[in-house]
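> Before I ask anything, here is the structure I am working with.
The values are calculated or read from the model by the stated rules, or taken from the named source; none is laboratory data. These numbers come from a predicted model, not from an experiment. Backbone-built Cβ (ideal geometry, glycine too); neighbour counts: all protein chains shown. These area figures cover heavy atoms from the full protein model, side chains too; ligands, DNA and RNA do not enter into them. Shrake-Rupley method; radii C 1.70, N 1.55, O 1.52, S 1.80 Å.
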Amino acid sequence: MSIWKRAALYLRRKKGRTALLFLYMAVMAVFILVAFSLKSAAEKELARLRQTFGTGFVLKINTENPANVTVVEENGTIDSRYIGTKITDETIGKILELEGVTNYTLPREYNFVWTNLKLRQGSWAEAIPDEILTEDYIELAQQEMMAYSCVDGELSKNFRTGALEISEGRNLKKGDRFQTVISEELAERNGLSVGDTITIEVKEGTYLKTNECHKTWGEPIQLEIIGLFHMNFTQKYSEWTSEYSYMENNIYVDQETHKMIDRIIEDNWVGDFFDVGYPEVIFFVDDPEKTDAMIQELKERKDIPIDDMIVYSDQTAYEASAKPYNQIRMFSTILSAIGIAGMGIVLFLLMKLSVRGRMHEVGILLSIGIKKRKIVGQMMAECLAVSAAALVLAILLSGPLAAVCSQTAERLTAPSAKDGTYRVSLRDGMYPEIEKASSDKVELSSEVTPREVMLLVVLVSGISAASVLLASVQILETEPKKLLQSM
């Protein structure tokens with residue numbers, strides 16, 4: 001009789017023991033496969049977040065170093081000017097040559113401009129003229145907005161983190177000329193839509209202390225609206241919140257528009273014009289885990305003058321969004337380790353007890369001339385047959401159970417609605433800064449992939465075979481004479 005026939009005969013004869021072994025292996029296999037599925041889903045989301053939020057590093061000028069700053073008095077006002085090493089287009093180009101650096105964005109590039117649009121009223125609407133704040137200056141401030149410059153709108157921090165999203169039209173792209181993206185609120189307040197145009201101007205009173213606040217520098221700039229953005233947060237306000245401090249009042253413009261505004265300001269500036277270059281640049285990397293190594297390589301490059309600048313890793317948005325997925329990955333890793341260890345230990349003990357209880361049977365088989373390796377082969381065939389049946393059931397059940405576990409994990413790790421996803425503050429009391437404070441809604445795929453199924457099959461088959469071999473040591477090491485005597 002062949003090994004497989006004897007194995008089938010034994011399994012039919014020991015139905016109770018076979019059923020218990022089958023149920024145990026099926027439960028453990030489902031447990032491990034669901035844990036694999038959760039881990040895979042979490043890692044998939046982490047990879048997506050790394051591409052979306054895994055910024056890399058920030059390079060910014062060091063205005064805290066007194067040697068980089070000078071105090072100047074112009075047009076009746078005293079101001080500080082940066083005179084240190086500049087971040088230029090050449091600097092950016094050399095950094096982009098570093099292996100692993102993929103792109104960049106300019107988070108601090110903006111200008112104050114005047115508009116004739118209806119803005120959401122702020123503190124300037126309630127301001128009272130006095131000796132310093134003239135009526136003309138207050139009227140000017142009521143119509144000022146911030147024009148943020150974009151190299152690529154989708155890489156702009158607020159869009160990249162999801163604080164803002166395009167609701168109509170498209171975002172700004174490299175190569176756009178005299179185009180803009182404005183808020184839904186600003187568009188609705190002024191009856192505007194994609195395809196319409198708006199006008200912005202550079203006013204003398206915005207940049208100089210003057211008696212001609214409303215004097216326009218250069219020519220008015222016509223901008224085509226190519227997109228509307230939606231704000232995924234509610235901005236808190238107070239009596240001190242100015243018109244240009246409301247994100248809904250501000251606009252995004254292309255690089256060509258930004259450069260034109262800069263040229264207009266430079267051409268009309270009274271006195272020495274201080275070009276500080278780019279105050280800050282955010283660089284994106286293909287692998288955030290290598291950011292520190294890239295920063296070290298950047299610092300060692302003698303041809304890139306950044307000795308007196310500030311360089312630091314920036315993964316705040318990624319870490320906030322990745323936190324629940326890291327928790328799920330860690331939890332599923334622990335579960336799978338427990339499942340694998342539990343299956344291995346318990347299955348070994350069950351096989352050891354089974355072998356010990358079958359010594360009489362082993363003696364009979366030896367007495368009729370069946371060799372030890374065939375006896376062990378029969379036991380392995382029995383275990384693998386039960387494992388195969390358990391795997392089939394586990395694969396059938398794993399899909400629905402993975403979906404339930406994914407939904408449970410999503411609920412348990414969901415961000416608190418009370419805390420909010422974004423935190424808005426006013427830098428220097430004026431400029432709206434939006435930081436990602438927590439993750440978005442946690443979403444996991446519940447798919448059990450063929451890769452995970454194959455890994456489970458190999459794992460369970462390996463554990464089954466190893467358990468039988470280890471448990472059969474007693475048979476393999478005991479002399480046939482002693483085995484026959486144990487009958």
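> Per 20 Å bin, what is the whole-percent P(r) computed from every C-alpha pair distance within the chain?
18, 36, 21, 15, 8, 1
> On a 27 Å Cα-Cα criterion, which of the cross-link pairs K174/K299; K215/K259; K60/K94; K118/K436 come out too long?
K174/K299; K118/K436
> Using the charge dipole of the chain (Lys, Arg: +1 at Cβ; Asp, Glu: -1 at Cβ; taken about the Cα centre), state which of F22, L49, T216 has its Cα farthest towards the positive end.
So the residue furthest toward the plus end is F22.
> Something else: In nm, to one decimal, how far is the Q222 label point from the A19 one, both placed 7 Å along Cα→Cβ?
Here the answer is 8.5 nm between the modelled labels.
> Which whole-Hz couplings ³J(HN,Hα) result when phi for each residue of the stretch 119-132 is put into the Karplus expression 6.51 cos²θ - 1.76 cosθ + 1.60, θ = phi - 60°, listed in order with x for Gly and Pro?
Once θ is set to phi - 60°, the couplings for the stretch 119-132 become 9, 5, 5, x, 5, 5, 5, 9, 5, 10, x, 8, 5, 8 Hz.
> Amide H to amide H, which residues 5 or more places from Y110 or on other chains are under 5 Å from it, using H placed in the peptide plane?
So Y110 has HN proximity to S149.
> Counting only residues 5 or more places away or on other chains, whose amide H sits under 5 Å from the amide H of R358 once H atoms are built in the peptide plane?
Counting only residues 5 or more places away or on other chains, the set is empty.
> With the crude spin-label approximation of a point 7 Å out along Cα→Cβ, what separation in nm comes out for E154 versus R81?
4.1 nm
> Sum -39500 (n - 2.57) across every DSSP H segment of at least 4 residues in the chain, then divide by the residue count to get the 222 nm mean residue ellipticity, nearest 500.
That comes out to -15500 deg cm²/dmol.
> Sticking with this one: Output the relative contact order of the chain, whole-number percent, from Cα pairs under 8 angstrom with separation of 6+ residues.
Reported as a whole number, the value is 27 percent.
> Could you give the length gained on full extension between R12 and V27, defined as 0.36 nm per residue of separation minus the Cα-Cα distance, in nm?
Length gained, R12 through V27: 3.3 nm.
> Just the accessible area for V404, please: 1.4 Å probe, Å², rounded to the nearest 10?
Approximately 80 Å² for this residue.
> Mind listing the phi-derived Karplus ³J(HN,Hα) values for the stretch 226-241, rounded to whole Hz, using 6.51, -1.76 and 1.60 with θ = phi - 60°, and x for any glycine or proline?
10, x, 10, 10, 9, 9, 8, 7, 10, 7, 6, 9, 9, 5, 9, 6
> List every residue whose amide H lies under 5 Å from the amide H of Y104, counting only residues 5 or more places away in sequence or on a different chain, with H placed 1.01 Å from N in the peptide plane.
The list, which skips near neighbours in sequence, is F284.
> Let me ask something additional. Between V69 and A337, what's the calculated FRET efficiency when r is the beta-carbon distance and R0 is 51 Å? Round to 0.05.
0.40
> Please report, as a whole percent, how much of the solvent-accessible surface of the chain comes from carbon and sulfur atoms (probe radius 1.4 Å).
55 percent
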